[in-house]
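Single-structure report; data block below.
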Amino acid sequence: MATVADRVFNFSAGPAVLPLPVLEKAQRELLALPGVGSSVLEISHRSKAFDGILERTLAGLKSLLGIGEEYEVVLLQGGASLQFSMVPMNFLAGQSGAANYVLTGTWGKGGLKEASRIGKTHIAWDGGANGYNCVPSADEIGLSESPAYVHVTSNETIQGVQWQQMPSFENVPLICDSSSDFLSRPVDISQYGMIYACAQKNAGIAGVTVAIIRRDLLARSRDDLPAMLDYRTFVEKGSRPNTPPVFAVYILGLVCEWLMNEVGGLHAISERNMAKATKVYEVIDSSSGFYKGHACPESRSIMNVTFRLPSENLEATFLENAASAGLTDLKGHRSVGGIRASIYNAMPEEGVEALCQFMDDFKCSHG
Ligand SMILES: *Cc1c(COP(=O)(O)O)cnc(C)c1O
């Protein structure tokens, strides 16, 4: 049987590293949940045991994020990608104004593409001319006349570009794809009409998507929507209109529990994350140009650090040597190239220290 000693430092962008205590608890409970005698994989999604798991997961999310009564929290399937369609189906169809998209990278563009199949869209800002290396300042964003909503991506996973502070658009609902920085730092939920996130980047495993939706927006959904694409179905049925992804919900609950009980909440994890990212960016900045960061410094992601080396050959050698040193999955997305180190909540400080040491050594021997 594999042990902790067999584990590498895995810098995958997603599915990604999970907290060790979460894996260990899931392993302990995989033959039988305490007092149940079966694993979560084998019990009815209508059972008392799963009632408790779902309740604890939702309560954990509400407590960590300080979600108020004006918001509904629902668990969905289909990944963040299905939200690219569900958001405009529920909140754009039938509205007179256009859906406004602020494009800071690949995922935002994906959202725009799906919205344009449903209704009128408007590009409020597009960072494509600079290869999506930054977020705009508030005065660079140009909204259309009475927008249905403004959509942003809080962290562009592929480019490694993250908003440090969200702009506000007064009465226009702000809808945020937070897939790759969900639960990585405190968030003022009241700024948003809706936040959604798939779990497999920073909050758990693939299969479950969290949506936090301000109640008044739900009145916009049209009655002719298919039930499974209507947020109100999930609100009314408590995220269980059909069989939910029970194991993914269970793991999400364990991650929340880990954040609350072992880390000490989102302020604490945010400090850890900041310290880790600062270390890697310091290596880049002090490398005399050997490592070149993709994102401009004000927009650098705390979750996904993207950078290039002087040549593609060196990048290939870097990846090969890193893997031999137990530092895996550092290859950048094919659209950006280079290196991407994803250092989500569960990446331990020692993993980041090992990466920084490796980067310094690699520069000395190849610089
Ligand atoms: C990964 C990711 C997605 C897509 O998530 P799926 O669950 O694979 O559909 C969307 N947006 C962002 C920001 C992501 O990081």
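Please go through the range 284-315 and give me each residue that is buried (at least 23 other Cβ atoms within 10 Å of the Cβ) and either assigned by TED's automatic domain parsing to the domain that holds Trp163 or hydroxyl-bearing (Ser, Thr, Tyr) (or both), ordered by number.
Tyr291, Ser301, Thr306
Of the residues Val152, Val102, Val135, which single one is in contact with a helix residue (DSSP H, G or I) (Cβ under 8 Å, 6 or more places away or on another chain) and within 12 Å of the ligand (Cβ to nearest atom)? Step through it out loud before you land on a result.
On the way: Val102 fails: within 12 Å of the ligand (Cβ to nearest atom); Val135 fails: within 12 Å of the ligand (Cβ to nearest atom).
Only one candidate qualifies: Val152.
Can you report the number of residues in the range 46-67 which are among the small types (Gly, Ala, Ser) and in contact with a helix residue (DSSP H, G or I) (Cβ under 7 Å, 6 or more places away or on another chain)?
3
Check every one of the helices (runs of 4 or more DSSP H) wholly within the range 217-321 and list those with 3 or more residues that are within 22 Å of Ser342 (Cα to Cα) and more than 18 Å from the chain's Cα centre (by Cα). Give the derivation first.
Numbers: elements: 231-236, 246-257, 266-285.
It comes to 266-285.
Given the residues Ser324, Ser342, Ser286, Ser365, which is the only one that is free of Cβ contacts under 8 Å to residues at least 24 places away in the same chain and under 17 Å from Val8 (Cβ atoms)? Spell out how you get there, then give the answer.
Working: Ser342 fails: free of Cβ contacts under 8 Å to residues at least 24 places away in the same chain; Ser286 fails: under 17 Å from Val8 (Cβ atoms); Ser365 fails: under 17 Å from Val8 (Cβ atoms).
Residue meeting the stated conditions: Ser324.
Please note which strands (runs of 3 or more DSSP E) are completely contained in the range 37-153 and include at least 2 residues that are hydrophobic (A, V, I, L, M, F, W, C) and within 30 Å of Glu257 (Cα to Cα).
Answer list for the range 37-153: 71-76.
Residue by residue, here is whether (1) surrounded by 18 or more Cβ atoms within 10 Å (Cβ to Cβ); (2) within 15 Å of the ligand (Cβ to nearest atom); (3) assigned by TED's automatic domain parsing to the domain that holds Ala129; (4) not β-branched (Val, Ile, Thr) holds:
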| position | (1), (2), (3), (4) |
| --- | --- |
| Leu18 | yes, no, no, yes |
| Arg28 | no, no, yes, yes |
| Gly52 | no, no, yes, yes |
| Leu64 | yes, no, yes, yes |
| Leu76 | yes, yes, yes, yes |
| Ser81 | no, yes, yes, yes |
| Val87 | yes, yes, yes, no |
| Asn90 | yes, no, yes, yes |
| Ser96 | no, no, yes, yes |
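Checking the condition modelled with pLDDT under 95 and either within 19 Å of Glu72 (Cβ to Cβ) or within 16 Å of the ligand (Cβ to nearest atom) (or both), which residue from Ala227, Ala206, Ala248, Ala219 passes? Working first, answer last.
Working: Ala227 fails: modelled with pLDDT under 95; Ala206 fails: modelled with pLDDT under 95; Ala248 fails: modelled with pLDDT under 95.
Just a single option satisfies the conditions, and that option is Ala219.
Can you tell which of Ile213, Ile158 is in contact with a His (Cβ under 6 Å, 6 or more places away or on another chain), touching a residue at least 60 places away in the same chain (Cβ under 8 Å) and crowded, with 19+ Cβ neighbours inside 10 Å?
It is Ile158.
How many residues does the range 330-367 contain that are surrounded by fewer than 19 Cβ atoms within 10 Å (Cβ to Cβ) and on the phi > 0 side of the Ramachandran plot?
Total meeting the criteria: 1.
Taking the range 179-194, which residues are in contact (Cβ under 8 Å) with a residue 40 or more places away in the chain and either assigned to a loop (DSSP other than H, G, I, E, B) or closer than 14 Å to Gln83 by Cβ (or both)?
If the condition is that a residue be in contact (Cβ under 8 Å) with a residue 40 or more places away in the chain and either assigned to a loop (DSSP other than H, G, I, E, B) or closer than 14 Å to Gln83 by Cβ (or both), then Ser179, Ser180, Asp181, Leu183, Ser184, Arg185, Pro186, Val187, Gly193, Met194 are the ones that fit.
The values are calculated or read from the model by the stated rules, or taken from the named source; none is laboratory data. A quick note: this is a predicted structure, and the numbers were derived from the prediction, not measured. FYI the Cβ positions are ideal-geometry reconstructions off the backbone, even for glycines, and counts take in every protein chain you see.
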